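The values are calculated or read from the model by the stated rules, or taken from the named source; none is laboratory data. In this text, all values refer to a predicted model and were calculated from it rather than measured experimentally. Note: ideal-geometry Cβ built from the backbone for every residue, glycine included; neighbour counts use all protein chains shown. Protein only, heavy atoms only, side chains kept; ligands, DNA and RNA dropped before computing areas. Shrake-Rupley method; radii C 1.70, N 1.55, O 1.52, S 1.80 Å.
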Amino acid sequence: MSDKMILAFDTSGPYCGTAIFAGGDVIAARHEEMVKGQAEALMPLIEATMRDANLALSQLTQIAVGTGPGNFTGIRIAVSAARGLSLSLGIPATGVTLFEALAVKGPLPILATLQATRHELYVSEIHDDWHSEPQQMAIEHIPPPSADGCTCIGHRSHEVAAHLGLHAQPAAFAPASAIARHVAALEHIPDARPTPYYLRPADAAPPRDPAPVILS
């Protein structure tokens, strides 16, 4: 039985999700749909999920966090929380992209799709040991995958499958649960701290006023 105790969470979409992996499986998880308010909702949801699992933060061995792509503010909220918890608890934090999360327990190869801007999708073909560089495009511009037997999984997957003449199915798990399982399956813990996974520049315009001088 695995001795890993992993807290996973994700706020990169219009939701706030948490999961606890312990004893070889996810033992508690919560998922709340919300367009905004993830910053206020995340820590109370983590606390509630820890109570559901009957665990204390001090018992955790690792943090896992969704790094996007997705909402810029949501991604920053989760990554900042993961880094803070990692530092305060003295345990590693590992970032997982939502493409990796979609592939957990998926019937590889898959064509993974995530919501982008302008009614378009981020698209990546994922195999056992290879994945294509994600591209943003409209459904009608998505080319056939390079491999036969690809299954479409993710946002608007049934529309993508209809366009390409493929089969579609839902993701095996909610994002946070998939992230927890992905990290639990890693043989080695990455050294790098989690960082946001952005596929496009931020929409916010730079401030007109000069930045304040930071005194050392």
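If you check residue 80 against the conditions, is it without any contact (Cβ under 8 Å) to a residue 60 or more places away in the chain, farther than 24 Å from residue 171 by Cα and among the small types (Gly, Ala, Ser)? Write out each step before concluding.
Values: without any contact (Cβ under 8 Å) to a residue 60 or more places away in the chain: yes; farther than 24 Å from residue 171 by Cα: yes; among the small types (Gly, Ala, Ser): yes.
Yes; evaluated as a whole, the condition is true for this residue.
Is it the case, given these coordinates, that residue 142 is within 13 Å of residue 106 (Cβ to Cβ) and either in contact with an Asp or Glu (Cβ under 7 Å, 6 or more places away or on another chain) or open to solvent by less than 50 Å² (accessible area, probe 1.4 Å) (or both)? Reasoning before the result, please.
Values: within 13 Å of residue 106 (Cβ to Cβ): no; either in contact with an Asp or Glu (Cβ under 7 Å, 6 or more places away or on another chain) or open to solvent by less than 50 Å² (accessible area, probe 1.4 Å) (or both): yes.
It is false that residue 142 is within 13 Å of residue 106 (Cβ to Cβ) and either in contact with an Asp or Glu (Cβ under 7 Å, 6 or more places away or on another chain) or open to solvent by less than 50 Å² (accessible area, probe 1.4 Å) (or both).
If you go through the stretch 89-125 one residue at a time, how many are part of a strand (DSSP E or B) and either of a type in the set (A, V, I, L, M) or open to solvent by 20 Å² or more (accessible area, probe 1.4 Å) (or both)? Residues that pass the stated criteria total 10. Residues that are closer than 15 Å to residue 192 by Cβ, of a type in the set (A, V, I, L, M) and either open to solvent by 10 Å² or more (accessible area, probe 1.4 Å) or not in a helix (DSSP H, G or I) (or both) within the stretch 53-88 comprise 63, 64, 65, 87, listed in sequence order.
Of the residues that make up the stretch 5-19, is at least one within 18 Å of the chain's Cα centre (by Cα), open to solvent by 30 Å² or more (accessible area, probe 1.4 Å) and either under 23 Å from residue 100 (Cα atoms) or of a type in the set (Val, Ile, Thr) (or both)?
Of all residues in the stretch 5-19, those within 18 Å of the chain's Cα centre (by Cα) come to 6-19.
Now narrow it down to the ones that are open to solvent by 30 Å² or more (accessible area, probe 1.4 Å): 14.
From what's left, either under 23 Å from residue 100 (Cα atoms) or of a type in the set (Val, Ile, Thr) (or both): 14.
Within the stretch 5-19, one or more residues are within 18 Å of the chain's Cα centre (by Cα), open to solvent by 30 Å² or more (accessible area, probe 1.4 Å) and either under 23 Å from residue 100 (Cα atoms) or of a type in the set (Val, Ile, Thr) (or both).
Being basic (Lys, Arg) and within 30 Å of residue 150 (Cα to Cα) is the filter here; which residues of the stretch 73-111 pass it?
Within the stretch 73-111, the subset basic (Lys, Arg) is 76, 83, 105.
Selection gives 105 alone.
For the stretch 133-163, a residue qualifies if it is at pLDDT below 95 and in contact with a His (Cβ under 8 Å, 6 or more places away or on another chain), and exactly one does: 147. The residues of the stretch 116-161 that are touching a residue at least 24 places away in the same chain (Cβ under 8 Å) and on the phi > 0 side of the Ramachandran plot, listed by number, are 149, 154, 156.
Residue 1 - would you say it is at pLDDT below 95 and surrounded by fewer than 17 Cβ atoms within 10 Å (Cβ to Cβ)? So residue 1 fits the description; yes.
Every test in (1) without any contact (Cβ under 8 Å) to a residue 40 or more places away in the chain; (2) buried (at least 18 other Cβ atoms within 10 Å of the Cβ); (3) within 17 Å of residue 181 (Cα to Cα) is passed by residue 23 save one, and that test is (2).
Please specify each residue of the stretch 145-165 satisfying the condition of being part of a loop (DSSP other than H, G, I, E, B) and either among the basic types (Lys, Arg) or open to solvent by 50 Å² or more (accessible area, probe 1.4 Å) (or both).
146, 148, 149, 155, 156, 165
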